[in-house]
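Right, one structure below, let's go through it.
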């Protein structure tokens with residue numbers, strides 16, 4: 001059952017104003033006739049046997065909910081992108097928690113000011129993330145988190161085989177509770193050489209300066225990176241290989257340096273199924289994982305990282321299998337991660353396994369399961385989390401539908417106060433409208 005803490009208005013204002021502005025700008029900029037647009041509203045009622053996810057004195061609660069969402073998308077012309085915004089309201093009828101309000105935003109906008117030479121990019125992701133990634137997902141352990149990334153891609157074609165790309169970027173990270181708000185100013189310079197019609201090679205150099213709002217508590221730092229890259233396509237595969245070195249210089253704290261690299265391989269087994277392998281060993285800040293996971297979830301789950309003002313070595317291996325059938329869609333994944341922080345005592349190893357499936361005929365039925373084992377190096381704490389759930393959605397009319405979802409969750413831990421078991425159920429009624437552009441003449 002989704003449960004989050006009510007936002008603190010004083011800390012949330014900046015992030016919400018930025019997100020609302022970003023959501024409105026594409027609506028004004030896109031030609032109305034060219035948009036794919038949709039909106040939905042819904043009400044629901046749920047029940048949970050353990051609202052606070054405690055090992056003892058479990059308290060059940062009924063939860064009334066109201067939801068609203070809007071989305072717009074454009075994939076033609078110089079201005080393209082997609083923006084989706086949601087708002088959820090939860091009322092705990094037995095007063096386990098106060099009323100909760102959640103805002104969510106997933107926005108990606110691209111403007112080709114000069115085709116193939118100057119492209120402006122704007123990304124904004126607003127969601128709720130854990131304050132302590134090892135604690136249970138309860139209202140006391142939730143915070144609004146927002147990241148905005150803005151900058152141009154400037155490309156120079158030196159010759160038919162040689163290109164130079166400059167990417168200045170500004171990123172703003174905002175956390176509702178954790179005092180690690182920061183801005184990152186970066187410049188990336190890339191040289192790409194066309195070795196073969198289906199293969200590129202090149203060099204990437206980047207400089208990033210991280211500045212925290214609270215500089216006394218969180219010293220800033222600079223990240224310098226140089227990598228060689230090879231990417232290409234094969235009849236059934238796409239790949240991207242990077243290898244280089246990274247140096248992090250921190251104010252008033254010891255820096256870090258070392259080899260870094262990644263491998264991203266997508267192999268199409270059939271026209272309907274694929275396997276993707278992602279391997280990463282990186283020296284980075286403890287914030288950028290949120291943007292990476294929001295942009296591409298198959299590169300890792302940010303909820304098993306700890307957001308701090310620290311830097312870390314992030315070693316990740318994730319493999320994902322997908323199949324899209326005529327009536328059955330499936331996704332299976334496995335993620336292994338080793339996180340080593342420079343100062344904070346948050347070093348950990350994580351094993352995660354998950355599955356999702358959706359079956360659609362007259363109604364849409366789905367199921368999901370996840371197991372995660374986390375071992376913290378300091379103190380030897382070990383947590384094992386289990387989630388099993390299912391849902392059914394049925395269309396009553398063109399715009400009206402009903403849904404029912406069930407979920408069982410449990411956690412075993414060497415810290416007894418962190419253990420819990422719980423069952424939750426939610427039913428709802430949703431009204432949806434959608435608008436698509438007319439066919440081209």
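Values quoted throughout were computed directly from the atomic coordinates according to the rules given, and no laboratory measurement underlies them. In this text the structure is predicted, and so the values were computed from the model without any measurement. Ideal geometry is used to build each Cβ from the backbone, glycine not excepted, and the neighbour counts take in all protein chains shown.
Data for the structure
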| item | result |
| --- | --- |
| At R0 = 22 Å, FRET efficiency that the Cβ-Cβ distance of residue 356 and residue 433 yields, to 0.05 | 0.25 |
| Ranked packing of 128-134, 353-359, most packed first, by mean Cβ within 10 Å | 128-134, 353-359 |
| Cα-based shape type of region 109-173, given that a ≥ b ≥ c are square roots of the gyration tensor eigenvalues and the cut on a/c is 1.5 | prolate |
| Calculated [θ] (222 nm, deg cm²/dmol) that DSSP helices of n ≥ 4 give over the chain, each run adding -39,500 (n - 2.57) | -2000 deg cm²/dmol |
| Sequence of 207, 280, 122 once ranked by neighbouring C-beta atoms within 10 Å, starting from the fewest | 207, 122, 280 |
| FRET E, pair residue 49, residue 323, Förster distance 51 Å, beta-carbon r, rounded to 0.05 | 0.90 |
| Segment residue 397-residue 381, length gained on full extension (0.36 nm per residue, minus Cα span) | 0.7 nm |
| Contour excess over end-to-end distance, with Cα ends at residue 59 and residue 237 and 0.36 nm allotted per residue | 59.0 nm |
| Highest average packing first - 248-259, 179-190, Cβ atoms within 10 Å | 179-190, 248-259 |
| Relative contact order %, region 171-227, counting alpha carbon pairs below 8 Å whose residues are six or more apart | 30 |
| Relative contact order (percent, whole number), the chain, Cα cutoff 8 Å, 6+ residue spacing | 12 |
| Inter-site label distance for residue 195 and residue 222 at 7 Å from Cα along Cβ, in nm | 3.3 |
